[in-house]
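Structure first, then comments.
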Amino acid sequence: MSTPEAPLPHIDEHVVDIASDPEAVWEALLRSVDGSFSSATTTRAARLLGCADVERSGPRPLARTSTFPGFHVENADRPHELAVAGSHRFSDYALIFRLEPLSADRTRLKAETRAVFPGLKGDVYRTLVIGTGAHVLMTRRLLGAVRRRVERSS
């Protein structure tokens, strides 16, 4: 549904500042993203929704050919951008993480969501995921997990 000429529509963006260098944040991001979407629950949900990617595969830490339930890695430009994308019956979507060095020991981590929800079933799904605030909670929880992982390792 999305093409290079017509990227997925922007949904939202969330930001967290982390007291660490980009390299440490990058490592924590890779582990947190992989871990957050690799449970038995997310595997079942990915299958139920008819996701294109339902298994964990490829190299770890995450790299260009890695997959995990609901997503595949499209870009892993160390340590600046991690882009994961996926699709299922009700949506095509992408989650793009960008790291911005603020100083030698401070990094801004941004999570941008892009998605399209075609048809009536897509509209209902969008209401359930975006309209209820569930997506915001999950994204903020993921960003918080990255920050906590960095803080624990410091």
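The values are calculated or read from the model by the stated rules, or taken from the named source; none is laboratory data. Remember, predicted model here, so these are calculated numbers, not experimental data. Glycine also receives a Cβ, built like all others from the backbone with ideal geometry; neighbour counts cover every protein chain displayed.
Observations, loosely collected:
- Per this entry, Tyr125 is not counted among residues that are aromatic (Phe, Trp, Tyr) and under 15 Å from the mean Cα position of the chain (by Cα).
- Scanning segment 68-78 for residues that are of a type in the set (Gly, Ala, Ser) and assigned to a loop (DSSP other than H, G, I, E, B) yields one hit, Gly70.
- Of all residues in segment 42-67, those that are charged (D, E, K, R), within 19 Å of Phe90 (Cβ to Cβ) and outside any helix (DSSP H, G or I) total 1.
- Matching residues in segment 8-23 - criterion: being of a type in the set (D, E, K, R), in contact with a strand residue (DSSP E or B) (Cβ under 6 Å, 6 or more places away or on another chain) and farther than 18 Å from Gly131 by Cβ: Asp17
- Within segment 52-76, considering residues that are of a type in the set (A, V, I, L, M) and either under 15 Å from Arg31 (Cα atoms) or surrounded by fewer than 20 Cβ atoms within 10 Å (Cβ to Cβ) (or both), the one farthest from the chain's Cα centre (by Cα): Ala52
- Among the residues of segment 116-146, those that are charged (D, E, K, R) and either surrounded by 13 or more Cβ atoms within 10 Å (Cβ to Cβ) or more than 21 Å from Ile96 (Cα to Cα) (or both) comprise Lys121, Asp123, Arg126, Arg140.
- Restricted to segment 77-93, and to residues there that are crowded, with 21+ Cβ neighbours inside 10 Å and of a type in the set (Gly, Ala, Ser), the residue that is nearest to Cys51 (Cα to Cα) is Ser87.
- Hey, Ile96 under 15 Å from Ser32 (Cα atoms) and of a type in the set (A, V, I, L, M) or not: yes
- Matching option when the condition is at pLDDT 95 or above, in a loop (DSSP other than H, G, I, E, B) and within 16 Å of the chain's Cα centre (by Cα), among Leu29, Leu8: Leu8
- Sole exception among (1) touching a residue at least 24 places away in the same chain (Cβ under 8 Å); (2) over 22 Å from Tyr125 (Cα atoms); (3) not hydroxyl-bearing (Ser, Thr, Tyr) for Asn75, by number: (1)
- Any hit, segment 127-150, residues being at pLDDT 95 or above, closer than 14 Å to Trp26 by Cβ, touching a helix residue (DSSP H, G or I) at 6+ places or on another chain (Cβ under 9 Å) and not aliphatic (A, V, I, L, M): yes
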